[in-house]
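Q: I am attaching a structure below and will ask some questions about it afterwards.
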């Protein structure tokens, strides 16, 4: 079983729509959870992190965490063409950040 | 505030050679982590250092090694290069805290091609 699994893509959404990304993790001892965005040819950049159950909002992005279900999600509201990228879910435990394979999102103008 | 600096950005080596990659973390950050990114395997954790001590290591062969200096700068070395070592090697730095969220900031990466 992979440590971090993300819903397979690619995900194509029209401009202005909501993009929904999901992630599950296997290690119940995981302490904090991250969403990174990676544009083609670039390094990952942090979108947001969450470490308490519930929702956390930052602008057009909302992260949701459910530790009982070992589930993390990211919602992107009012999607823009500039949101087209690969989104990486990452889980931190024991000084190590484990990444999912990523979900590629394309926002259609 | 300067970001994470990795050198060299690009390099080409042949099988059997060795390579050393360097990483300068964000000022004040004491933790440095290294990752390998390939199209097939994604981002894989290599190792993490904090105050010159390795705190965790990924599942890579002993050919992959690293170290951290007293100024928090880090190097990783790959010996006896294989074709499969061709990848983007990413360094990330953080404060290294053990509570709350330890946010990693990535450098631009060193792209290694092994011929």
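Q: For the range A:12-39, give me each residue that is more than 13 Å from the chain's Cα centre (by Cα), closer than 29 Å to residue B:109 by Cα and part of a strand (DSSP E or B).
A: A:12
Q: Can you name every residue in the range B:50-90 that is closer than 21 Å to residue A:45 by Cα and within 9 Å of chain A (Cβ to nearest Cβ)?
A: Answer for the range B:50-90, where residues must be closer than 21 Å to residue A:45 by Cα and within 9 Å of chain A (Cβ to nearest Cβ): B:88, B:90.
Q: If you check residue A:79 against the conditions, is it crowded, with 20+ Cβ neighbours inside 10 Å, within 14 Å of chain B (Cβ to nearest Cβ) and either assigned to a loop (DSSP other than H, G, I, E, B) or out of contact with any strand residue (DSSP E or B) (no Cβ under 8 Å at 6 or more places or on another chain) (or both)?
A: For residue A:79, the condition - crowded, with 20+ Cβ neighbours inside 10 Å, within 14 Å of chain B (Cβ to nearest Cβ) and either assigned to a loop (DSSP other than H, G, I, E, B) or out of contact with any strand residue (DSSP E or B) (no Cβ under 8 Å at 6 or more places or on another chain) (or both) - is not met.
Q: Take the residues in the range A:97-108 that are surrounded by fewer than 20 Cβ atoms within 10 Å (Cβ to Cβ) and outside any loop (DSSP other than H, G, I, E, B); name whichever of them is nearest to the other protein chains (Cβ to nearest Cβ).
A: Across the range A:97-108, the extreme among qualifying residues is A:104.
Q: Name the residue, out of B:58, B:42, B:66, B:96, that is closer than 25 Å to residue A:35 by Cβ, surrounded by 13 or more Cβ atoms within 10 Å (Cβ to Cβ) and modelled with pLDDT of 95 or more.
A: Every option except B:58 fails the conditions.
Q: Can you name the residue in the range A:40-68 that is within 12 Å of chain B (Cβ to nearest Cβ) and more than 14 Å from the chain's Cα centre (by Cα) and is also farthest from residue B:45 (Cα to Cα) among such residues?
A: Going through the qualifying residues, I end up with A:52.
Q: Taking residue B:24 as the residue in question, decide whether it is buried (at least 18 other Cβ atoms within 10 Å of the Cβ), closer than 27 Å to residue A:89 by Cβ and under 13 Å from the mean Cα position of the chain (by Cα).
A: no
Q: Restricting to the range B:24-42, count the residues that are more than 13 Å from residue B:60 (Cα to Cα) and assigned to a loop (DSSP other than H, G, I, E, B).
A: So the count comes out to 8.
Q: Among what's in the range A:37-63 and is without any contact (Cβ under 8 Å) to a residue 12 or more places away in the chain and touching a strand residue (DSSP E or B) at 6+ places or on another chain (Cβ under 6 Å), pick the residue that is surrounded by the most Cβ atoms within 10 Å (Cβ to Cβ).
A: Here the residue is A:43.
The values are calculated or read from the model by the stated rules, or taken from the named source; none is laboratory data. Note that this is a predicted model, so its numbers are computed, not measured. A quick note on method: Cβ atoms are made from the backbone with ideal geometry, for glycine too, and the neighbour counts reach across all protein chains shown.
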